[in-house]
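Presented below is the structure to which this report refers.
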Amino acid sequence: MYTQSFNVPDSPGGKPVPLAPSLEDPVLQAAFDARIDADGRIEPQDWMPEAYRKTLIRQISQHAHSEIVGMLPEGNWISRAPSLKRKAILIAKVQDEGGHGLYLYSAAETLGTSRDQMLEGLHSGRAKYSSIFNYPTLTWADVGVIGWLVDGAAIMNQIPLCRCSYGPYARAMVRVCKEESFHQRQGYEALLEMMTGTEEQKAMVQDAVNRWWWKCLAMFGPPDADSPNSAQGMRWGIKRVSNDELRQKFVDATVPQAKVLGVTLPDRDLKWNEERQHHDYGAIDWDEFWATVNGNGPCNKERLATRVKAHNEGQWVRDAALAHARKQQERKMKEAA
Ligand code: FAQ
């Protein structure tokens with residue numbers, strides 16, 4: 001299992017990309033570069049190049065949106081969980097994902113973007129969120145598989161982000177990873193229980209693994225050679241480990257877990273490669289990935305419509321909270337006068 005102690009070293013080769021030439025203040029730029037080169041942290045009050053700020057806003061807001069949209073596939077099963085215990089666990093997990101979204105929106109706000117701007121990007125379909133949340137959850141086994149594989153992939157990607165060069169993002173990730181670790185274990189434990197059940201339950205688990213496996217591999221993002229943001233993101237210490245390396249580590253970590261569980265990972269090409277000391281695996285369907293990222297996956301439209309509806313229906317809560325805050329402020333001013 002992955003835990004907070006499961007740490008992934010930075011990709012080898014240090015920082016191979018030269019810093020992009022900057023048109024900004026050379027003195028400030030030099031101080032920023034020196035801090036990045038010394039593996040230091042950048043904080044909200046520090047000067048930073050505009051491109052660094054924009055990259056962080058892009059990544060953190062898409063990460064936040066993923067957590068928020070990611071509540072939907074599992075939330076769908078809260079009313080149908082098979083026992084009170086499973087229902088309580090699932091409610092706690094889905095609430096955690098909502099909390100992760102909120103820490104991340106707050107981290108992005110420190111870069112000068114507002115919550116309203118970010119939500120407008122999500123609701124209009126301009127902003128991205130993880131491809132993985134555009135697939136349906138057909139059976140209860142999907143909830144277990146999301147915990148085991150989707151949260152497992154999320155942790156693998158997020159543990160290196162605890163060392164991200166931007167302080168608020170790195171600190172948010174520490175707590176997020178601790179909670180994701182619980183999510184992953186609860187999913188695996190739910191599946192272990194199903195695998196000691198009836199033949200029908202075992203088949204349900206295998207079917208869910210078959211449907212989610214390839215989508216989880218794609219979740220790490222395009223191959224390094226086709227990843228336009230990787231080189232600069234790694235140069236800035238935002239991204240520490242490349243998409244392909246994390247994907248490989250996920251495959252290597254998951255194979256023995258699948259064995260213990262008693263399921264087959266649906267890939268005929270999956271085998272240990274003695275020379276590489278890693279598992280080889282088959283080809284990912286990148287056309288399907290890009291279709292989903294670009295809004296044409298099986299549930300994209302439904303997910304966005306659900307989010308927009310929830311946001312609109314929550315308007316009265318935001319109005320009431322603002323009116324209450326205004327009244328409190330007015331009372332304080334009167335008392336102080
Ligand atoms: N889905 O050049 P790269 C979770 C986009 S949280 C959609 O490699 P980068 C918790 C990418 O944005 C899951 N789009 O980009 C949970 C870029 O487009 P852009 C989310 C994707 O940024 C569990 C373009 O492709 N985690 O699961 C995806 O260097 C269970 C080119 O890609 C994070 O967001 C994708 N899978 O690397 C919740 C972690 N992959 O923006 C509920 C933080 C790539 O230029 C239940 N993010 N794209 O228009 C990251 O680490 C990075 O942003 C990557 C992408 C690795 C996702």
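Structure data summary
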quantity: 10 Å Cβ shell holding at most 11 others, DSSP loop, GluC sites (Glu not before Pro): longest site-free stretch of the chain; calculated: 1-273
quantity: Long-range amide H partners of ILE42 with built H, under 5 Å; calculated: TYR166, GLY167
quantity: Probe 1.4 Å, accessible area per residue of the range 23-69, Å²; calculated: 50 Å²
quantity: Length added when fully stretched, GLN232-ASP25, from 0.36 nm per residue minus Cα-Cα; calculated: 72.6 nm
quantity: Charge context of MET194, other residues only, Cβ under 12 angstrom, K/R +1, D/E -1; calculated: -4
quantity: Alpha-carbon centroid distance for the pair the range 165-189 / the range 88-134, whole angstrom; calculated: 15 Å
quantity: Cα-centre dipole for the range 98-232 with unit charges at Cβ (Lys and Arg positive, Asp and Glu negative), debye to 20; calculated: 420 debye
quantity: Accessible surface of the range 63-135 [probe 1.4 Å, protein heavy atoms]: carbon and sulfur percent; calculated: 58 percent
quantity: Estimated 222 nm signal from helices in the chain, with DSSP H stretches of n ≥ 4 weighted -39500 (n - 2.57), rounded to 500; calculated: -19500 deg cm²/dmol
quantity: Cα gyration tensor, the chain - rounded (a/c under 1.5), prolate or oblate; calculated: oblate
quantity: Backbone HN-Hα couplings from phi across the range 272-287 [Karplus 6.51/-1.76/1.60, Hz, Gly and Pro as x]; calculated: 5, 10, 4, 5, 7, 6, 9, 7, 7, 9, x, 7, 8, 7, 6, 5
quantity: Span-rule helices in the chain, defined as complete DSSP H runs reaching 18 Å or more along the axis (Cα) with Kyte mean at least 1.6; calculated: none
quantity: For the range 168-291: accessible area per residue (Å², 1.4 Å); calculated: 47 Å²
quantity: The range 200-297, accessible surface, carbon-and-sulfur percent (1.4 angstrom probe); calculated: 51 percent
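The values are calculated or read from the model by the stated rules, or taken from the named source; none is laboratory data. What you are looking at is a predicted structure, and each value in this text was computed from that prediction instead of being measured. All Cβ positions, glycine included, derive from the backbone under ideal geometry; neighbour counts span all protein chains shown. We work out accessible area using only protein heavy atoms, side chains counted, and drop any ligands, DNA or RNA first. Shrake-Rupley method; radii C 1.70, N 1.55, O 1.52, S 1.80 Å.
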